[in-house]
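Q: Take a look at the following structure, please.
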């Protein structure tokens, strides 16, 4: 789990360019985050420093062993490369280049591989750069990641996926991508063509021929519950923000405790996958010391693609976490996270016009700290979520019905 946090903090530091900001979010030493990023760039992150080992004789022996391994490795490499060349029978330069790439990509030294094959470095790099330029010319314009409504508002592809999943779960269960395109145009006022809808449907696995597949994890519908303490029921959902200066969306996936109204943790990034959702739930369990509990919190979500992904469902099943999903078009069953998202929209996302992802990251982090630690909430005796969570054993509050 610690290693996952290290990699996540490295990724966020690279995305934002602000090591100090990321260190503040995860309560880490800024120098440590800077060192992790530096080691990650150098390809040395996670390695053990041999110099710290105490036994000098062991170090010398280790060095000798490494030399022997290197000599044997070079000989084995030479034999393997020559075998590849013999198979091709007097290969032209292009095929020699392919063989070189194969072994270089496996991590072997460029100079050693080129020496064995007999290609000058200048020739190798010329061919490599030529092919990269050729590929760049042939590639088309990258997909923008959103579609536009008739009023000019941008709707992210992730939101469109949710629209499609809701329609498939309802009256449009038997529609193909052509009819779904018409639904998106009429109901959601989207300017979208059928090719894009086909691509999105294919990504979601809802093209008609694929619906015959058995669902590995049958959906468990949310039911009415009475909540009397923290860590009984958590709700999770995804909110989209927009970066005007970069013309792209970012994602914030939050987990809220319906009893104390605290945002336990959240994921923010330029993407949000099933694995991101899984890792965020892991962090929430650890933060609330629920990871090893026999009776873990119930997690309630909508039917978004991240929440119905195999990765997330398998994690819930393996961890003995009850995951329940609300029926389509019933946001009231996820009312607490929806209410938080309205506050998040009004007090943060609509308040600022972000020019960069770094700027958005900073403002979202500031808002989350304010919401949890200082913002009064009328349903929890006008305390902040953090205050209420710490004092709830000595307070009297009505049970929460959901």
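The values are calculated or read from the model by the stated rules, or taken from the named source; none is laboratory data. Because the structure is a prediction, the values reported are computed rather than measured. Quick reminder, even Gly has a Cβ in these numbers, built from the backbone with ideal geometry, and neighbours come from all protein chains shown.
Q: Do we find a residue being in a helix (DSSP H, G or I), more than 20 Å from residue 252 (Cα to Cα) and touching a helix residue (DSSP H, G or I) at 6+ places or on another chain (Cβ under 6 Å) anywhere in the stretch 309-325?
A: Yes, some residue in the stretch 309-325 is in a helix (DSSP H, G or I), more than 20 Å from residue 252 (Cα to Cα) and touching a helix residue (DSSP H, G or I) at 6+ places or on another chain (Cβ under 6 Å).
Q: Being in the same structural domain as residue 259 (by TED's automatic domain parsing), touching a strand residue (DSSP E or B) at 6+ places or on another chain (Cβ under 9 Å), part of a helix (DSSP H, G or I) and surrounded by fewer than 15 Cβ atoms within 10 Å (Cβ to Cβ) is true for just one of 359, 345. Which residue is that?
A: 345
Q: For residue 365, only one of the following conditions fails: (1) at pLDDT 95 or above; (2) over 16 Å from residue 238 (Cα atoms); (3) surrounded by 14 or more Cβ atoms within 10 Å (Cβ to Cβ); (4) in contact with a helix residue (DSSP H, G or I) (Cβ under 7 Å, 6 or more places away or on another chain). What is its number?
A: With (1) at pLDDT 95 or above; (2) over 16 Å from residue 238 (Cα atoms); (3) surrounded by 14 or more Cβ atoms within 10 Å (Cβ to Cβ); (4) in contact with a helix residue (DSSP H, G or I) (Cβ under 7 Å, 6 or more places away or on another chain) applied to residue 365, the lone miss is (2).
Q: Another question, then. Would you check which residues across the stretch 199-224 are at pLDDT 90 or above and either closer than 24 Å to residue 343 by Cα or surrounded by fewer than 16 Cβ atoms within 10 Å (Cβ to Cβ) (or both) and list them?
A: Scanning the stretch 199-224 gives a single hit, 199.
Q: Given the options 255, 264, name the one that is modelled with pLDDT of 95 or more, more than 16 Å from the chain's Cα centre (by Cα) and part of a strand (DSSP E or B).
A: Numbers: 255 fails: more than 16 Å from the chain's Cα centre (by Cα).
Sole residue among the options that is modelled with pLDDT of 95 or more, more than 16 Å from the chain's Cα centre (by Cα) and part of a strand (DSSP E or B): 264.
Q: Against the definition (at pLDDT below 95, part of a helix (DSSP H, G or I) and either under 23 Å from the mean Cα position of the chain (by Cα) or in the same structural domain as residue 366 (by TED's automatic domain parsing) (or both)), how does residue 280 come out, yes or no?
A: On the way: at pLDDT below 95: no; part of a helix (DSSP H, G or I): yes; either under 23 Å from the mean Cα position of the chain (by Cα) or in the same structural domain as residue 366 (by TED's automatic domain parsing) (or both): yes.
Here the answer is no, as residue 280 does not meet what is asked.
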